[in-house]
1. Across region 90-102, in residue order, what do the Karplus-derived ³J(HN,Hα) couplings come to in whole Hz, using 6.51 cos²θ - 1.76 cosθ + 1.60 with θ = phi - 60° and x for Gly and Pro?
2. Among Asp103, Asp113, Asp173, whose mean-square fluctuation peaks in a Gaussian network model of the chain (Cα, cutoff 10 Å)?
3. Between Thr94 and residues 5 or more places away or on another chain, which pairs have amide H atoms under 5 Å apart, with H built 1.01 Å from N, and which residues are they?
4. Got a sec to turn the phi values of region 153-161 into Karplus ³J(HN,Hα) couplings, 6.51 cos²θ - 1.76 cosθ + 1.60 with θ = phi - 60°, whole Hz, x for Gly and Pro?
5. Once phi is turned into ³J(HN,Hα) by the Karplus curve 6.51 cos²θ - 1.76 cosθ + 1.60 with θ = phi - 60°, what whole-Hz value does each residue of region 225-238 show in order, with x for glycine and proline?
6. Is the C-alpha gyration tensor of region 69-198 telling us rounded, prolate or oblate? Criteria: a/c under 1.5 is rounded; beyond that, a/b larger than b/c is prolate, otherwise oblate.
7. If you bin every alpha carbon distance in the chain into 10 Å steps from zero, what whole percent lands in each bin?
8. Could you rank the peptides 124-134, 9-19, 47-57 by their average count of other C-beta atoms within 10 Å per residue, with the highest value first?
Amino acid sequence: MKVGIIGGSGVYDAELFQTTADKITTPYGEVEFERGVFGGEEIFFLPRHGKGHSVPPHLINYRANIAAFKMLGVERILATSAVGSLRAELVPGTFVILNQFLDFTKRRALLFDETQVKHLDFTEPYCRQINAILKEELQSLGIKNAEGCYVCTEGPRYETPAEVKMFAQLGGDVVGMTNVPEVTLAKEAEICYSCICTVTNLGAGISEEPLEHEKVVEVMKANSKNLKKLLLKAIPRLQQEPKTCK
Ligand code: HPA
């Protein structure tokens with residue numbers, strides 16, 4: 001089965017496997033990605049923010065990214081993301097497997113074709129089978145992990161402490177700016193999708209420290225060894241294990 005990896009902040013190249021740069025033209029625009037071979041199977045990598053982290057969250061061409069993977073025959077997507085924590089117990093360095101989201105975006109494309117009457121079921125936003133694989137592998141590696149609900153903000157600014165308090169009260173566990181509409185378009189494209197988040201900081205107001213993008217990238221870099229270990233264990237299973245999630 002073909003697997004696509006979406007790299008978030010701090011994860012800009014595949015590193016795990018040798019890749020060559022490629023491009024694909026989708027109905028929504030051109031997408032630069034990397035292709036490689038892993039365990040004898042073709043695999044694709046796409047940096048969410050573009051090469052050199054040049055695209056801010058609200059300007060990412062989410063439709064083109066997911067359409068590109070669909071055109072390449074990808075059946076499972078594993079995304080990585082840096083997130084802020086809405087709970088003091090989810091400390092920086094914790095891996096959070098997403099199981100729900102709260103959508104606080106304001107002006108992003110919601111569907112591939114927004115003119116259709118289309119109401120997709122989101123009872124289970126993330127692939128339960130990929131999530132189970134991630135959990136098993138994180139536990140066997142002894143890496144601190146949790147499951148949680150992602151609050152997606154429009155960004156690009158960080159939250160106010162009042163927003164962080166509100167999001168936590170509403171049931172959010174982590175906050176970021178990119179998971180919606182990535183997750184929703186993957187579902188529309190009928191590609192199994194999960195996202196492994198790394199907590200890079202406590203949400204605004206939980207910690208006294210002001211938030212800075214450079215610090216987020218720094219923490220991601222510091223945790224990249226663990227992320228790599230996880231991907232090395234999880235990817236072969238994603239390639240080989242037949243789907244039981246439907
Ligand atoms: N808020 C929003 N997005 C983020 C954060 C945060 O605290 N940390 C990393 N991405």
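Please treat every number below as a calculation from the coordinates, not as lab data. From a predicted model like this one, the values you see are computed outputs, not experimental measurements. Methodologically, a virtual Cβ is constructed for each residue, glycine included, from the backbone with ideal geometry; neighbour enumeration extends over all protein chains shown.
1. My calculation for region 90-102 gives 8, 7, x, x, 6, 8, 10, 8, 6, 10, 8, 9, 10 Hz in order.
2. Comparing Asp103, Asp113, Asp173 in the GNM, the peak value goes to Asp113.
3. Amide H neighbours of Thr94: Val199.
4. Values, residue by residue: 9, 6, x, x, 6, 6, 7, 7, x Hz.
5. After applying 6.51 cos²θ - 1.76 cosθ + 1.60, I find 4, 5, 5, 4, 4, 5, 4, 4, 7, 7, 4, x, 5, 5 Hz.
6. Numbers: a/c = 2.11, a/b = 1.15, b/c = 1.84.
Oblate is the answer for region 69-198, as a/c is 1.5 or above yet b/c matches or exceeds a/b.
7. For the chain, the binned pair fractions read 7, 34, 39, 18, 2 percent.
8. Numbers: 124-134: 20.7, 9-19: 18.2, 47-57: 15.7.
In decreasing order of mean packing, 124-134, 9-19, 47-57 become 124-134, 9-19, 47-57.
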